[in-house]
């Protein structure tokens with residue numbers, strides 16, 4: 001009888017049923033779309049952050065630098081013994097130096113074990129970020145006058161002056177712990193050719209190179225790279241798992257990188273994974289307490305530094321979307337409650353009659369509540385259909401978002417807190433690769449709003465809550481009616 | 001049997017107090033057909049509400065058998081309305097979205113009767129008032145007389161001890177009125193129930209064994225007499 005009466009009532013006042021269901025449906029659809037868009041923007045932010053941070057990293061620890069003390073000034077020093085001087089007084093020079101990357105500061109590798117011992121930390125890996133700079137060419141006799149325009153050299157940063165002719169090349173080199181692939185810079189990379197590092201590669205003169213560096217420097221597996229006079233064999237070529245991950249040009253076992261750069265037992269960045277998402281803040285606080293001079297950066301710190309259309313989309317979804325959803329939801333709930341109360345008022349005589357027939361208050365509350373619940377369910381299902389359609393349309397639109405992890409905060413977090421300085425090399429050459437991008441990294445990503453079972457459950461849950469709320473209020477009013485009202489209305 | 005002793009009912013209308021019943025005492029034995037007459041606002045419907053366990057008196061007692069309706073719990077009043085007392089209303093009071101059959105079934109719902117038995121009993125009740133073929137119709141698709149027959153079927157389907165009728169023919173034409181009154185009389189005789197009819201219509205009142213007149217909250221009893229043929 002209950003369901004028969006519910007079905008008959010809802011069909012009997014079809015217009016009201018449709019209005020309430022449509023109101024709830026629109027609200028739920030909006031909540032679904034905003035939730036999905038919000039998750040999509042979060043995912044896009046994660047992509048951008050991973051380009052700086054690496055997949056799976058919750059915290060990075062770098063050494064805060066004092067102004068002017070940053071490493072990696074692209075400066076070459078030549079001693080009297082460097083190069084060979086010809087009869088015309090010009091000097092032919094070839095030099096290769098591996099130094100700490102621009103904007104980073106070295107710290108003792110002991111910090112890794114200190115961090116490992118901190119509360120909430122599950123995994124740690126340390127890296128040493130370096131820049132290899134080569135200079136080769138002919139320097140004119142310092143006593144001769146400049147003649148003619150400079151003759152540019154080839155390679156990555158050719159330049160010349162005063163009749164000189166030289167090449168300047170630089171690329172990024174990162175020392176990593178062999179075998180550590182789940183956390184750190186290689187977490188977002190796969191081996192495209194050759195092999196990756198294993199723990200057996202510790203101390204070996206082997207290297208992994210990025211696909212882009214392999215292409216530009218014409219290298220392949222088995223090629224050798226000379227770093228500060230040491231020949232290193234390329235054993236693998238790496239590719240990014242996604243467009244967001246930026247790889248360094250060359251990876252070396254960390255002990256080899258430390259030895260070649262003369263930075264024994266030094267690291268620049270420690271990547272930290274928390275035991276769970278909930279413990280990240282605890283872990284960050286513990287690390288800060290243990291290493292008061294270090295810069296401890298969490299994902300949320302970096303997220304606040306993301307700019308560009310991604311940032312705009314994020315604030316649009318987080319602010320406007322959320323409040324709009326709440327407003328529409330409140331309006332839909334209000335509508336459902338008002339229509340239910342109005343329906344109860346119109347049916348005073350019916351409820352009075354049913355009470356005169358011996359229907360208990362509980363039975364009448366159940367009747368009104370079930371009617372509202374079914375109405376909410378209809379709205380919920382319709383809202384799901386509209387919402388899922390909206391999400392599919394959003395994804396089909398292929399909205400492109402760009403996120404820039406720029407400014408001092410992100411650059412500091414990413415590269416180790418180095419002081420800003422003229423890091424482009426003494427001769428004005430550019431710094432390619434990850435080092436050059438550390439100061440400002442822009443990543444393009446397409447918004448993909450995921451469809452999550454939790455969102456669907458949330459939508460249906462909200463619809464049922466809306467129906468239940470209206471039913472409880474309406475039922476309460478109906479239960480308060482005195483049975484005599486049915487007769488009194490006839491007096 | 002109803003036994004009313006010194007029953008008064010007052011309503012508060014703003015600052016004003018209105019006395020609907022004043023010190024009413026009367027007895028209505030089981031199986032009697034009683035007509036209650038009186039001017040509008042005289043207290044007829046209030047008396048019917050007391051008898052129908054729809055309201056409680058301000059003072060005095062309303063005994064139905066041994067139970068004082070003024071004292072029992074609201075839950076017990078609901079049970080009495082579900083099992084012992086049925087009411088037929090002037091405006092029929094059918095649920096507009098339910099069919100005749102479903103309207104009759106609503107009276108069996110509080111008794112916890114299973115769906116199949118409910119349907120069978122409702123169909124039989126509709127048959128007894130001559131509306132078997134109209135069971136699937138909505139109230140709006142029935143005439144006034146047919147609607148009142150459905151209301152009577154609803155009242156009688158659970159075989160109550162008492163049937164209260166509040167102006168049951170007030171909205172009907174003369175021919176239909178005669179039909180409905182004849183039906184009520186027939187059911188009263190067949191089922192041996194107590195039938196209390198509130199009416200403005202003297203012709204209807206004369207059909208009863210006993211006539212009560214109520215004006216300004218006070219009841220005058222004509223005593224038991226032979227009903228008009």
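Tabulated values for the structure
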{"item": "Residue in the range A:182-197 that is under 16 Å from residue A:255 (Cα atoms), modelled with pLDDT under 90 and surrounded by fewer than 19 Cβ atoms within 10 Å (Cβ to Cβ) present", "result": "no"}
{"item": "Which numbered condition residue B:149 fails, given (1) within 14 Å of the chain's Cα centre (by Cα); (2) within 14 Å of chain A (Cβ to nearest Cβ)", "result": "(2)"}
{"item": "Test for residue A:104: is it under 16 Å from residue A:176 (Cβ atoms), in a loop (DSSP other than H, G, I, E, B), assigned by TED's automatic domain parsing to the domain that holds residue A:199 and touching a helix residue (DSSP H, G or I) at 6+ places or on another chain (Cβ under 9 Å)", "result": "yes"}
{"item": "Residue match in the range A:357-369 (condition: assigned to a helix (DSSP H, G or I), crowded, with 21+ Cβ neighbours inside 10 Å and away from chain B (no Cβ under 11 Å))", "result": "yes"}
{"item": "Matching residues, the range B:85-105, being closer than 18 Å to residue B:55 by Cβ and more than 9 Å from every other protein chain (Cβ to nearest Cβ)", "result": "B:88"}
{"item": "Whichever residue in the range B:122-131 is over 20 Å from the mean Cα position of the chain (by Cα) and assigned to a helix (DSSP H, G or I) and, among such residues, is nearest to residue B:102 (Cα to Cα)", "result": "B:123"}
{"item": "Residue in the range A:107-120 that is over 28 Å from the mean Cα position of the chain (by Cα) and crowded, with 17+ Cβ neighbours inside 10 Å present", "result": "no"}
{"item": "Yes/no for residue A:382 being under 30 Å from residue B:84 (Cβ atoms) and touching a helix residue (DSSP H, G or I) at 6+ places or on another chain (Cβ under 7 Å)", "result": "no"}
{"item": "Any chance residue B:54 is touching a helix residue (DSSP H, G or I) at 6+ places or on another chain (Cβ under 8 Å), at the interface with chain A (Cβ under 7 Å from one of its Cβ atoms), outside any loop (DSSP other than H, G, I, E, B) and surrounded by 17 or more Cβ atoms within 10 Å (Cβ to Cβ)", "result": "no"}
{"item": "Extreme residue, farthest from residue A:100 (Cα to Cα), among residues of the range A:220-246 that are in contact with a helix residue (DSSP H, G or I) (Cβ under 7 Å, 6 or more places away or on another chain) and assigned to a loop (DSSP other than H, G, I, E, B)", "result": "A:242"}
{"item": "Selection from the range A:122-160 of residues that are out of contact with any strand residue (DSSP E or B) (no Cβ under 6 Å at 6 or more places or on another chain) and either modelled with pLDDT of 85 or more or more than 30 Å from residue A:212 (Cα to Cα) (or both)", "result": "A:140, A:141, A:142, A:143, A:144, A:145, A:146, A:147, A:148, A:149"}
{"item": "Some residue of the range A:266-278 being part of a helix (DSSP H, G or I), surrounded by 15 or more Cβ atoms within 10 Å (Cβ to Cβ), modelled with pLDDT under 80 and more than 14 Å from chain B (Cβ to nearest Cβ)", "result": "no"}
{"item": "Which numbered condition residue A:59 misses (of (1) surrounded by fewer than 24 Cβ atoms within 10 Å (Cβ to Cβ); (2) modelled with pLDDT of 85 or more)", "result": "(1)"}
{"item": "Matching residues in the range B:46-72 - criterion: being in contact (Cβ under 8 Å) with a residue 12 or more places away in the chain and out of contact with any strand residue (DSSP E or B) (no Cβ under 7 Å at 6 or more places or on another chain)", "result": "B:54, B:55, B:56, B:65, B:67"}
{"item": "Hits in the range B:62-77 - residues which are crowded, with 21+ Cβ neighbours inside 10 Å and at the interface with chain A (Cβ under 10 Å from one of its Cβ atoms)", "result": "B:77"}
{"item": "Among (1) on the phi < 0 side of the Ramachandran plot; (2) more than 29 Å from the chain's Cα centre (by Cα), the one test that residue A:222 misses", "result": "(1)"}
{"item": "Lone unmet requirement of (1) out of contact with any helix residue (DSSP H, G or I) (no Cβ under 9 Å at 6 or more places or on another chain); (2) touching a residue at least 24 places away in the same chain (Cβ under 8 Å) for residue B:75", "result": "(2)"}
{"item": "Failed item in (1) within 14 Å of chain A (Cβ to nearest Cβ); (2) in contact (Cβ under 8 Å) with a residue 60 or more places away in the chain; (3) farther than 21 Å from residue B:180 by Cβ, with residue B:30 passing the rest", "result": "(1)"}
{"item": "From the options B:65, B:43, B:31, residue that is within 15 Å of residue B:80 (Cβ to Cβ) and under 20 Å from the mean Cα position of the chain (by Cα)", "result": "B:65"}
{"item": "Matching residues in the range B:205-220 - criterion: being within 17 Å of residue B:45 (Cα to Cα) and surrounded by 15 or more Cβ atoms within 10 Å (Cβ to Cβ)", "result": "B:205, B:211, B:212, B:213, B:214, B:217, B:218, B:219"}
{"item": "Residue match in the range A:339-346 (condition: surrounded by fewer than 22 Cβ atoms within 10 Å (Cβ to Cβ), within 14 Å of chain B (Cβ to nearest Cβ) and modelled with pLDDT of 85 or more)", "result": "no"}
{"item": "All positions within the range B:132-158 that are surrounded by fewer than 19 Cβ atoms within 10 Å (Cβ to Cβ), free of Cβ contacts under 8 Å to residues at least 40 places away in the same chain and not in a helix (DSSP H, G or I)", "result": "B:136, B:137, B:143"}
{"item": "Test: residue in the range B:110-124 that is modelled with pLDDT under 90 and either more than 13 Å from every other protein chain (Cβ to nearest Cβ) or at positive phi (or both)", "result": "no"}
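The values are calculated or read from the model by the stated rules, or taken from the named source; none is laboratory data. All values reported here derive from a predicted model rather than from experimental measurement. Neighbour counts are summed over all protein chains in view; Cβ atoms, including those assigned to glycine, are modelled from backbone coordinates with ideal geometry.
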